[in-house]
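The values are calculated or read from the model by the stated rules, or taken from the named source; none is laboratory data. Note that this is a predicted model, so its numbers are computed, not measured. Here the Cβ is made from the backbone with ideal geometry for all residues, glycine too, and neighbour counts use every protein chain on show.
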Amino acid sequence: MISFTIHEPDTAITTALMDKIDNLTKPKGSLGMLEKIALQIGLIQQSLSPSLHQPTNVIYASDHGIADEGVSKSPKEVTRQVIHNFLNGGAGVCFLARQHGFKIKIVDGGVDFDFPSISQLINRKIRKGTRNFLYEAAMTQNEMEQAIQYGADIVTDCYNEGCNIISFGEMGIGNTAASSMWMTCLSNISLIDCVGAGSGLDNEGVKHKYNVLKKALENYPGDKSTLDVMRYFGGYEMVMAVGGMLRAAELKMIILVDGFIMTNCVLAASRLYPKMLPYCIFGHCGDEAGHKRILDYLQAKPLLNLGLRLGEGSGAVCAYPIVVSAVNMINEMHNFQQAAVTKYF
């Protein structure tokens, strides 16, 4: 299996970064989260003048066998329909990407559809959807390893194109169900607190989804090790995202984290390589049940709370201007000496 070499950012530069931030023309700490983000990015880049280049949102897509159990309001064919909407520039994340200057990469990791050859669609299809984890493992060991490798390779391509800040999105009907299973198994948070409405289930639908997942958990024969949970309950797009996140941390890139599904991918990635967490900036807290709980579990402080639950990387891209503001702050604000302002703290 692919392995990653991930080092925590060297903290030797911390004092110099804090000195620069604290001596900008403002009361100490008065720019709040912008100061914290600037410090984090300065540590990641080991620079007193950090910069952002070629922001990219990678969307991994795959279908899920568990969708056959009615755990989503949307039918499975919506996955491939939304892929076409991505390609046509009409999806929610598309207008945000245009607004904020993001490049989008769309990856078919396992959609249950035969797409024609399309230059904008990266074909990394492992299988036409995962197996139904109510009855068997969603994927084989080899398939999981292949998904991790594919996810990592896409990020290497982004890095080689000049990207140093990356977000991840997903598309796959049924993937909130898979994410709920990862969440309960890897955090020991009760399953009932991990299950939500997904794409719009009503109360009865959520109850049915919970009962299906409860039965799947009862049927699970594994040991709850991170890799086994990923393999048994995951989607190809989720495992690819884990591989992508780990490669991004290995390359010392900034990782902008999206919603419930991607936060659970961070959970899995950090269980494998805890040193990847300092590279993550959490974009938002969404409306999906369980998202705040898993953010709290990870001790993550999201930048936004706008009631988003679209996925696709939309919340991460939406948060990007705040990250830009933090970098502009440390690079463009004058210090007290430059501005000839008496220090007032």
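You will find that of I6, I41, I13, the residue that is of a type in the set (V, I, T), assigned to a loop (DSSP other than H, G, I, E, B) and closer than 26 Å to P278 by Cβ is I6 and no other. I'm trying to understand the selection: among the residues of region 135-151, which are surrounded by fewer than 17 Cβ atoms within 10 Å (Cβ to Cβ), assigned to a loop (DSSP other than H, G, I, E, B) and either touching a residue at least 12 places away in the same chain (Cβ under 8 Å) or in contact with a strand residue (DSSP E or B) (Cβ under 6 Å, 6 or more places away or on another chain) (or both)? Matches in region 135-151: Y135, T140.
Do we have any residue at all in region 4-12 that's in contact (Cβ under 8 Å) with a residue 12 or more places away in the chain, surrounded by fewer than 18 Cβ atoms within 10 Å (Cβ to Cβ) and hydrophobic (A, V, I, L, M, F, W, C)?
no
Output the residue which, of all residues in region 22-38 that are assigned to a helix (DSSP H, G or I) and not β-branched (V, I, T), is farthest from L87 (Cα to Cα).
Per the criteria, the residue is D22.
Kindly provide the set of residues from region 319-332 that are buried (at least 18 other Cβ atoms within 10 Å of the Cβ) and more than 13 Å from the chain's Cα centre (by Cα), ordered by number.
Residues of region 319-332 buried (at least 18 other Cβ atoms within 10 Å of the Cβ): 319-320, 323, 326-327, 330.
Answer for region 319-332, where residues must be buried (at least 18 other Cβ atoms within 10 Å of the Cβ) and more than 13 Å from the chain's Cα centre (by Cα): Y320, V323, A326, V327, I330.
Cβ-Cβ contacts under 8 Å between residues 6 or more apart (or on different chains), taken from a first residue in region 71-98 that is over 19 Å from N132 (Cβ atoms) to a second residue that is part of a helix (DSSP H, G or I) and at pLDDT below 95, are absent.
Taking region 277-345 as the region of interest, the helices (runs of 4 or more DSSP H) fully inside it that hold 1 or more residues being among the β-branched types (V, I, T) and touching a helix residue (DSSP H, G or I) at 6+ places or on another chain (Cβ under 8 Å) are 291-297, 314-332. Restricting attention to region 184-209, the residues that are over 19 Å from M230 (Cα atoms) and in a helix (DSSP H, G or I) total 9. Within region 81-126, take every residue that is crowded, with 19+ Cβ neighbours inside 10 Å and of a type in the set (D, E, K, R) and give me the one that is nearest to S199 (Cα to Cα). Looking at residues that are crowded, with 19+ Cβ neighbours inside 10 Å and of a type in the set (D, E, K, R), I get D112.
Being farther than 20 Å from R131 by Cβ, in contact (Cβ under 8 Å) with a residue 12 or more places away in the chain and surrounded by 17 or more Cβ atoms within 10 Å (Cβ to Cβ), is that true of even one residue in region 171-181? Reasoning before the result, please.
Within region 171-181, the subset farther than 20 Å from R131 by Cβ is none.
No, region 171-181 contains no residue that is farther than 20 Å from R131 by Cβ, in contact (Cβ under 8 Å) with a residue 12 or more places away in the chain and surrounded by 17 or more Cβ atoms within 10 Å (Cβ to Cβ).
Residue check: G129 meets all listed conditions (1) of a type in the set (G, A, S); (2) touching an Asp or Glu at 6+ places or on another chain (Cβ under 9 Å); (3) over 22 Å from V257 (Cβ atoms); (4) surrounded by fewer than 23 Cβ atoms within 10 Å (Cβ to Cβ) but one, namely (4).
From K252, K214, which residue is assigned to a loop (DSSP other than H, G, I, E, B), of a type outside the set (G, A, S) and touching a residue at least 12 places away in the same chain (Cβ under 8 Å)? Steps first, answer last, please.
Working: K214 fails: assigned to a loop (DSSP other than H, G, I, E, B).
None of the other options fit; the residue is K252.
Criterion first (in contact (Cβ under 8 Å) with a residue 12 or more places away in the chain, part of a helix (DSSP H, G or I) and farther than 18 Å from G234 by Cβ) does G162 satisfy it? Answer is no for this residue. Among the residues of this structure, I192 does not count as one that is in contact (Cβ under 8 Å) with a residue 12 or more places away in the chain, in contact with a strand residue (DSSP E or B) (Cβ under 9 Å, 6 or more places away or on another chain) and under 22 Å from G311 (Cα atoms).
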